[in-house]
Amino acid sequence: MVTTAPIARPGILDIEAYVPGESKAVGNIRPAKLSSNETPLGPSPKAIAAFQAAASELERYPDGQATLLRNGIARRYGLDAARIVCGSGSDELLGLLARAYLGPGDEAIYTEHGFLVYRIAILTNGATPIVAPERDLKTDVDAILARITPRTRVVFIANPNNPTGTYIPIEEVRRLRAGLRDDILLVLDAAYAEYVSRNDYEAGLELVATTSNTVMTRTFSKIHGLAALRIGWVYCPENVADVLNRIRGPFNLSAPAIASGAAAIDDIEHMERAKRHNDEWLPWVVGELEKLGLGVTPSVANFVLFHFKDNGAKNAAAADEYLKSKGIILRKVGAYGFPNALRMTIGSEDDNKRTIAALTEFLKGVA
């Protein structure tokens, strides 16, 4: 008997499923989970209280407009709430942007070591991903512009980038926007913007406000410590907001997420504590890694990418296995084109010191 089965759209089977950072340690060892760029300070106590309060009305549908959250974001950054669209993490919003503006025959560009979700979103919608090489592990504006064709519809850049932690100045972002056709949407993924302390950096709010073809995505999963609730937002021109609101799910954010996010965005003191912690421990971790002879990519985010010089017994894969045996979980980044590197989230004081001590044992041959 001949049987048939549903056939997926072209491009779907070309997708390599996204693999999140590991979270479990072996045995009963307390894990130091430094694989997913989560804040070691956890969420704001005000966000936790809002989450708990929301539990008393779980039988009610959430506000489909996420009004409380959008107004809180607008108040925090001085934005027009009508131009903010919220979603289930910035991942959903990136997917919605691709769904709205890409289709078969279209092309979208992302950078060589850019966030893997861009490629997934492009292929999901039948479009063709175009990879622009980076320069010194940074977004190369000229390389992107050289790959523009009549079929280009969207350009995705993460600034700062994950997993490298590098960034490009706002003037370079402006130069990129100026070099793109007006019908090309520029998507600025600023998931780690709150951690950056550079005078020449801007997340992209002004560029969105002054152009009709630029959007900026943000997340509550990093500095706000609400990764489990999946809250993201995008600031965009009115016409783009209208499009996204037409295709997103009517209740794409839960009531506890809306309440917690609104409380978190108002707790500026908690966010500042998280940034101060990162400002203290990022340079310490970088310095300790460099003392061990590891190559470190300069980072402005809450993680660091470091490279092993040995392709033999003391390589990244062996280090990862050794660290896991000690309950320390970092992020393998072979899928990003770094087979001999690991990415480490800046964690608590104890977890940072524990990781450096274990790496020292591994590299010095004590293991």
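The values are calculated or read from the model by the stated rules, or taken from the named source; none is laboratory data. This is a predicted model, so every value here is computed, not measured. With ideal geometry, Cβ positions are generated from the backbone for all residues, glycine too; neighbour counts draw on all protein chains shown. All accessible areas refer to the heavy atoms of the entire protein, side chains included, with ligands and DNA or RNA removed. Shrake-Rupley method; radii C 1.70, N 1.55, O 1.52, S 1.80 Å.
At a probe radius of 1.4 Å, what is the per-residue accessible area of Asp142, in Å² to the nearest 10?
Solvent-accessible area, nearest 10 Å²: 80 Å².
Could you give the length gained on full extension between Glu280 and Phe251, defined as 0.36 nm per residue of separation minus the Cα-Cα distance, in nm? Don't jump to the answer; show the numbers that get you there.
Working: separation 29, 0.36 × 29 = 10.44 nm, distance 3.95 nm.
Contour length minus Cα-Cα distance gives 6.5 nm.
Counting DSSP beta bridges in the chain, what percent are antiparallel, to the nearest 5? Don't skip to the answer; put the middle values down first.
Working: 20 of 39 bridges.
Taking every DSSP beta bridge within the chain, about 50 percent pair in antiparallel fashion.
For the range 204-259 and the range 271-296, what is the centre-to-centre distance using only Cα atoms, to the nearest Å?
Cα centroid to Cα centroid, the span is 30 Å.
Any idea of Arg147's accessible area? Nearest 10 Å², probe 1.4 Å.
Arg147 has an accessible surface of roughly 80 Å² with all protein chains in place.
7 Å from Cα along Cα→Cβ at both Leu58 and Asp310: what's the point-to-point distance in nm?
My value for the distance between the label points is 5.0 nm.
Measure out, as a whole number of angstrom, how far apart the alpha-carbon centroids of the range 141-180 and the range 308-367 sit.
Spelled out, the Cα-based centre of one part sits 31 Å from the other.
Relative contact order of the chain, please, whole-number percent, based on alpha carbon pairs below 8 angstrom and at least 6 residues apart.
Values: 699 pairs, mean separation 88.9, N = 367.
Result for the chain is 24 percent.
Within the chain, how many Lys pairs sit with Cα atoms under 17 Å apart, leaving out pairs fewer than 8 places apart on the same chain?
Lysine pair count for the chain: 26.
Using only DSSP helix segments of four residues or longer, with each worth -39500 (n - 2.57), what per-residue ellipticity at 222 nm results for the chain after dividing by its residue count and rounding to 500?
Working: 12 runs with 137 residues, N = 367.
The helix-only estimate for the chain comes to -11500 deg cm²/dmol at 222 nm.
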